[in-house]
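In what follows, a single structure is set out as structure tokens and then discussed.
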Amino acid sequence: MDKQNIKSEIILELLNESIKTEKDLMLVKRKIAKKYKINIPSNANILREYSELVKTKKVKDDDKLKLLLRKRAVRTMSGIAPVAILTKPWKCPGNCVFCPTEKNVPQSYLSNEPAVMRAIRCDYNPYIQIQDRLQALIANGHEPTKIELIVIGGTWSVLPKKYKYWYILNCYKSANEFNKIWNKKNTNHQKLKFNISNLQFPISKPLSIIKEQLIIEQKKNEKSKYKIIGLTLETRPDYIDEDELWQMREFGCTRVEIGVQTIDDKILKLNKRGHGVDEISKATKLLRNFGFKITYHLMPGLPGSTANKDYKMFKQLFSNPKFQPDQIKFYPTVVTKGSLLYKWWKSGKYKPYSNKVLQNLIVKCKQIIPPYVRIIRLIRDIPGESIEAGNKITNLRQIMKDMGVKCNCIRCRESKNQKVSNIKLSIMNYDVSDGIEHFISFENFDKKILYGFCRLYIPKNSNPAIIRELHVYGQLISVGSKTKKTQHSGLGKKLMEKAEEIAKQNNKERVSIISGVGVRGYYRKFGYKLNNSYMIKKI
């Protein structure tokens, strides 16, 4: 019996077994491994062979089996496939005491962080990084046709202008060409790296040509199989102005992450942050007026702070209209070599929070988080061996859950792959600088499950109403799929209709949507037209 027949027989035996849980799957895998005297097959290998059998119609497609075989299924449970890539190392304008500095690595990052290791392997090249990540997602059973691209690597705003346009151009180009490359079985990383000069758009071209090609690739992406439906860039609050934000819109950016760290001027100054609270509030106001989703990076436990101060500041984020971020990343302060903070810690000038103090702080913060905010992360993905002092617990979110901590944040309530039932439309209003936010959502009756939502910003001036985000949760389903789960169940259309109704009630004549490039076609179905990077409609 040859190798291929063994693989096919493994799949057929799997299908004949009663597999309902991961435990069932593992028992069957062990039994087959023993029978054929082979190593226990990995889920990725089984999934690859199973997909081939489905293509040749030798077996029927089974969504439940694929879900069991899928590695880290939660990655696409939010309805999108997040893909994080890094820019090349570049000098940072800041001198923050907590920031590590490592040669040939972007400022504040470490060479042994998973995302950095992947970027180094790809020479920080955007084209290769995207090819690499999409291949990995598919190999693990995901279908990353709706890409939320997250560009990290420090302060985006200080990178050379030509490099930024070249970088984003090749992001779209890579996504557009992935299906062609994947179908050719060109999945060997070294081969991709060798042929990169024939694949990517060269940086040697004039900036004007790069800009023209960017527009061409964006138009292609509107109809590409692998669409970039959201683009995130990270920068500092003091580098945000109107010119910077218009440039970000040229790239198709829909979300901006800013390093806030704290909203106390004394603590910011002590930590040599280089800006104050005023710059944070001004940046937030500008970002909202442009329609961007706003993510704050927060660092509890900074020198000069206390757990009590951190908690009071956290409450202020959602009571003061100057702030009101949509999403937050909790990055508890840790001590790493290569930072000034390391010297302070060694000399006894700084002491991080104990695990108990930190966990109690997070519990208190999670208990008061508004239902319109998403906690993206509770810790940063820094390997334990690089942390000299501070939190080393990597599964902090799971520990909080096991402790029975209640949280109303979006991530804790999103429906994942649950069926829509007992649905109720809910609208929550809250004041922000220069206007009012309307969080329009579909939830179940006890509000523990969130099926979808729309962020509608009504500015006080004559500007149009802005839909800053529209998101329907559930397992990622490709556009055009006949599968009926939470996505494609009509909730998005209903949320938009409600948003337009509220805009009319507030005497707005137009609605503007900060749309990702790959989702422009969706909004065109509802009468929206592209104008200056936004999708706009008269109502």
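Some points to look at:
- Residue order for H142, H297, fewest other beta carbons within 10 angstrom first, comes to H297, H142.
- For the stretch 232-260 versus the stretch 426-453, the gap between their alpha-carbon centres in whole angstrom: 25
- Taking I368, I19 and counting other C-beta atoms within 10 Å, the order from fewest to most: I368, I19
- Calculated log₁₀ intensity ratio I(q)/I(0) where the Debye formula runs over C-alpha points of the stretch 252-391, q = 0.08, 0.11, 0.19 Å⁻¹: -0.21, -0.41, -1.19
- Trypsin sites (Lys or Arg not before Pro) within the stretch 494-535: DSSP coil, no more than 16 neighbouring Cβ in 10 Å: K525
- Only alpha carbons enter this Debye calculation for the stretch 74-235, each as an equal point scatterer, and the log10 of I(q)/I(0) it gives at q = 0.08 Å⁻¹ is -0.23.
- Rounded to 5, percent antiparallel among DSSP beta bridges of the chain: 50
- Of K23/K60; K103/K285; K285/K406; K494/K538, those spanning more than 25 Å from alpha-carbon to alpha-carbon: K103/K285; K285/K406
- Using a Förster distance of 51 Å, the FRET efficiency for Q398-S208 (Cβ separation, nearest 0.05): 0.50
- The distance separating the Cα centre of the stretch 357-416 from that of the stretch 266-334 comes to 17 Å.
- Looking at the stretch 503-534, the chymotrypsin sites (Phe, Trp or Tyr not before Pro) that sit in a DSSP loop and have at most 15 other Cβ atoms within 10 Å of their own Cβ are F526.
- Across the stretch 30-170, C-alpha contacts under 8 Å between residues 6 or more apart give a mean separation that, scaled by the residue count, equals a relative contact order of 29 percent.
Coordinate-derived values only; no laboratory data. Only a predicted model underlies this, so the values are computations on that prediction, with no experimental measurement involved. All Cβ positions, glycine included, derive from the backbone under ideal geometry; neighbour counts span all protein chains shown.
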